[in-house]
Amino acid sequence: MRLFSSTVGRKNLMALSGQALIAFVVMHLLGNFTVYSGALNSYAERLHSLPLLVWSFRLIMLAALTLHVFYGAIITLENRAAKPQAYAVTKTQKATFASKNMIWTGSAIAAFLLYHLIQFTFSGVPGRDLFSRPDVFGMVVQGFSSLPVVLVYVASITALFYHLSHGIQSSFQTLGLNSEAAMPFIMKSAVIISLVLFGGYSSIPLFILLGAVR
Amino acid sequence: MNLALFVWRQKSPADSGGLQQYEARDISPDMSFLEMLDVVNEDLIKKGIEPIAFDHDCREGICGMCSQVINGTAHGPQEKTTVCQLHMRNFKDGDTIYIEPWRAKAFPVIKDLVVDRGALDRIIQSGGYVSVSTGGVPDANAILIPKADSDRAMDAAECIGCGACVAACPNGSAMLFVSAKVAHLALLPQGCVEAARRVCVMTETMMKEGFGNCSNHYECQAACPKGIKVSFIAKLNREFIKSLAKPSEAL
């Protein structure tokens, strides 16, 4: 299959799996916002009453993540091998901190994902709320009452910001869904979307830590 | 003006090489960068030192032979300019200048600043052509081509194959070079017939030659002396996606 063997094909797979993961990141944030409206527990209960939806979604995400991590690692190793000797003086003109550190911000996100799943998903919800539903809200508030935990979250979301600020615009270039006229708009939008996601995600642990959400 | 140069010296492909310091004295700001190196080499010859080897040919910015990374930038500090067309007025008296060869696994150093860019020729040989049966020369304009398409094809055809895109790419990828040829031919009626095969074969050869993958740093566009844009890489990507509709045997 050329899609899996060709350098352009693998780049397409990176872009498509990346966009699927971005779609998840957006949906996850919308779900998270129920923390503010007080509907988190009912949202969680309703979501888990639909196991077919949850599990098909999880499988698609796992497939996208596996592809993205696998090819991300291979491509990075190949690219390093293609540039064995560095210049004595390097002066980059267009490459950004984000574009040059995709493998590191990506690794940070992967490590965080594992930590996040262990903390909130694999461990199960310990308590029950007044309506005897699993008390997800209580678990989240409890989790974010610790400063080190909140710092880990904000740092990881920062890595996500950098990863997406390059990844979003790069995916449009890779899939050819752009033009010279549209590219400045796509690049600016990518940064704005990444900033909005950063603000949305980091607000929850910060507000809980500061006692604004109880 | 007087300058301090740090130049990469490497006797042979097997030699490990290193930076050597030289002085460039009484350089006129009207000299080109290569003329400045000629002056330095005259001086080295007088002193009985092996002159610095560097590639050059037309010295008019059209042949794509000159290939030096100057202070970390392929072809030096002036935009859309080859080393031979870079003039010393872009530097100040007392400047320190680092001169290095193109760096990439696919471009082994032959000597000093000279690298082997045969890999680019092999990419072109693999698919950067149009298969035309021999015969009489067709009339000019026998095949009508929209002006916008022909303009864009000519923009892509401006590539002189110098390899600055590879030198500037942190991944050592030749994607801008490949995309210029793929886009140039795919935009024209004579070339679009083989577009699917061309994009697959040329990118495959690129990887076999040891170039890296493109990850959209866009350094290549900044370094290109001919102003080839990364929008041609997006065009290459579209050509690849279109090629997926064809079975491998049909290519």
Inter-label distance for B:Val193 and A:Met1, nm, one decimal - labels placed 7 Å from Cα along Cα-to-Cβ: 3.3
Gained length - A:Asn101 relative to A:Ala81, 0.36 nm times residue gap less alpha-carbon distance: 5.6 nm
5 angstrom amide H check on A:Val213, placed H, neighbours 5+ away: A:Ile208
Label-point separation, A:Leu53 to B:Arg122 (7 Å along Cα→Cβ), nm: 5.5
For B:Gly163, residues with placed amide H under 5 Å, excluding near neighbours: none
A:Phe70/B:Leu251 FRET efficiency (R0 22 Å; Cβ-Cβ; nearest 0.05): 0.25
Rounded Å value of the spacing that divides the Cα centres of region B:49-90 and region B:186-219: 27
Interchain or long-range residues, amide H under 5 Å from B:Gly17's placed H: B:Lys11
Computed P(r) (all Cα pairs; chain B; 5 Å bins; percent): 1, 6, 12, 16, 17, 14, 11, 8, 6, 4, 3, 1, 0
In Hz, Karplus ³J(HN,Hα) per residue of region B:115-129 (6.51, -1.76, 1.60; θ = phi - 60°; x = Gly, Pro): 10, 8, 9, x, 4, 5, 5, 5, 5, 5, 4, 6, x, x, 8
Estimated 222 nm signal from helices in the protein assembly as shown, with DSSP H stretches of n ≥ 4 weighted -39500 (n - 2.57), rounded to 500: -16500 deg cm²/dmol
Cα→Cβ-extended label distance, 7 Å offset, between A:Val154 and B:Thr96, nm: 4.0
In sequence order, calculated HN-Hα J values of region A:127-138 (Karplus, 6.51, -1.76, 1.60; Hz; x Gly/Pro): x, 10, 8, 4, 8, 6, 8, x, 8, 4, 4, x
Stokes-Einstein D for region B:3-110, Kirkwood Rh over Cα pairs, 4 °C, 1.567 mPa s (µm²/s): 91
Percent RCO, i.e. relative contact order, over region A:52-211, from Cα pairs under 8 Å lying at least 6 residues apart: 24
Loop-located GluC sites (Glu not before Pro) in region B:174-232, at most 15 other Cβ atoms within 10 Å (DSSP): none
Filtered chymotrypsin sites (Phe, Trp or Tyr not before Pro), region B:90-170: DSSP coil and at most 15 other beta carbons within 10 Å: B:Tyr129
Nearest-20 debye value, region A:2-209 charge dipole, Cβ charges on Lys, Arg, Asp, Glu: 600
Residues in region B:1-19 reached by a label modelled at B:Arg89 [backbone nitrogen below 16 Å; 7 Å Cα→Cβ]: B:1
Ranked list, fewest to most other Cβ atoms within 10 Å of each Cβ, for A:Phe112, A:Phe185: A:Phe185, A:Phe112
Against the rule of thumb 2.2 N^0.38 Å, how large the Cα Rg of region B:117-250 comes out: 1.05
Per-residue HN-Hα couplings for region A:151-164 [Karplus 6.51, -1.76, 1.60; θ = phi - 60°; Hz; x = Gly/Pro]: 5, 4, 5, 5, 4, 5, 5, 5, 4, 4, 4, 5, 4, 6
Calculated FRET efficiency for the pair B:Asp139/B:Leu244, C-beta based, R₀ 41 Å, to 0.05: 0.65
Convex hull volume per residue for the protein assembly as shown, taking Cα atoms only, in Å³: 192
Candidates A:Gly143, A:Gly199, A:Gly127: whichever shows maximal mean-square fluctuation once chain A is modelled as a Gaussian network with Cα springs under 10 Å: A:Gly127
Rg/Rh ratio calculated on Cα atoms of region A:2-209 (Kirkwood radius): 1.01
Normalised contact order of chain B, rounded percent, pairs of Cα under 8 Å and 6 or more residues apart: 19
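Readers should treat all values here as calculations from the given coordinates under stated rules, not as data from a laboratory. What you see is a predicted model, and the numbers here were worked out from it, not measured in a lab. Neighbour counts run over all protein chains shown; Cβ positions are idealised from the backbone, glycine included.
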